[in-house]
Amino acid sequence: MAHKSPLETLIELAQKDTEAAAKQLGKAIRAQEETQSKLTMLLQYRDDYDANFQQRAAAGLSASQYGNFLSFLGKLDDAVSGQKKVISDAERKVEFAKSSWQQCEKKRLSYRTLDERAKSVQQHKEAKREQKQTDEFAARSYFYKT
């Protein structure tokens, strides 16, 4: 069994870290999309409720009905405001997860570059050694022919 170089081990560890960071980024993006979807639903519900309020107000409302509508619209506005804060937090989490993934990927690519350079140097040394052996063999062949 071939022995792994330390760089290959680092590459594998960096790959695992990168995959974990990518999963976290995916979760953060999905959570952000869900919070945005909830805001859209809240806004749609608020618009529908406001339209219902306008329609009923045109037909005539009692003071208590009017107060109830306005109170509930205020609660919906508070919910919308709260959901916007949740979206803001989710967006920060996405940015953090994205930055984390980028750092992991950068590290993985750095290790891979170092490994490729080391392999290139090793191949160059092997090619020189083989050329030297070929030259020595050719010299011996020539020496013994003459």
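The values are calculated or read from the model by the stated rules, or taken from the named source; none is laboratory data. The structure displayed is predicted, hence computed values, not measured ones. Because the Cβ atoms are built from the backbone with ideal geometry, glycine has one as well, and the counts that use them run over all protein chains shown. Accessible surface areas use protein heavy atoms only, side chains included; no ligands, DNA or RNA. Shrake-Rupley method; radii C 1.70, N 1.55, O 1.52, S 1.80 Å.
Can you say whether Leu109 is among the aliphatic types (A, V, I, L, M), assigned to a helix (DSSP H, G or I) and in contact (Cβ under 8 Å) with a residue 24 or more places away in the chain, as far as the supplied structure shows? So Leu109 does not fit the description; no.
The rows are residues; the columns are (1) under 23 Å from Ala97 (Cα atoms); (2) in contact (Cβ under 8 Å) with a residue 12 or more places away in the chain; (3) among the basic types (Lys, Arg); (4) assigned to a helix (DSSP H, G or I).
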{"residue": "Glu8", "(1), (2), (3), (4)": "no, yes, no, yes"}
{"residue": "Leu25", "(1), (2), (3), (4)": "yes, yes, no, yes"}
{"residue": "Gln32", "(1), (2), (3), (4)": "yes, yes, no, yes"}
{"residue": "Phe69", "(1), (2), (3), (4)": "no, yes, no, yes"}
{"residue": "Lys84", "(1), (2), (3), (4)": "yes, yes, yes, yes"}
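Kindly indicate whether Thr35 is among the β-branched types (Val, Ile, Thr), under 30 Å from Arg117 (Cβ atoms) and either open to solvent by 80 Å² or more (accessible area, probe 1.4 Å) or within 32 Å of the chain's Cα centre (by Cα) (or both). No. Take Lys85 and decide whether it is open to solvent by 90 Å² or more (accessible area, probe 1.4 Å), over 27 Å from Lys27 (Cα atoms) and at pLDDT 95 or above. Spelling it out, it is not the case that Lys85 is open to solvent by 90 Å² or more (accessible area, probe 1.4 Å), over 27 Å from Lys27 (Cα atoms) and at pLDDT 95 or above. For Leu61, indicate whether it is in contact with a Phe, Trp or Tyr (Cβ under 8 Å, 6 or more places away or on another chain) and either in a helix (DSSP H, G or I) or under 30 Å from Glu116 (Cα atoms) (or both). Criteria not met by Leu61.
Results for (1) in contact with a strand residue (DSSP E or B) (Cβ under 7 Å, 6 or more places away or on another chain); (2) at pLDDT 95 or above; (3) open to solvent by less than 80 Å² (accessible area, probe 1.4 Å); (4) under 23 Å from Lys84 (Cβ atoms), shown as yes or no for each residue.
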{"site": "Ala2", "(1), (2), (3), (4)": "no, no, no, no"}
{"site": "Ser5", "(1), (2), (3), (4)": "no, no, yes, no"}
{"site": "Glu8", "(1), (2), (3), (4)": "no, no, yes, no"}
{"site": "Ile11", "(1), (2), (3), (4)": "no, no, yes, no"}
{"site": "Leu25", "(1), (2), (3), (4)": "no, yes, yes, yes"}
{"site": "Tyr45", "(1), (2), (3), (4)": "no, yes, no, yes"}
{"site": "Tyr49", "(1), (2), (3), (4)": "no, no, yes, yes"}
{"site": "Ala58", "(1), (2), (3), (4)": "no, no, no, no"}
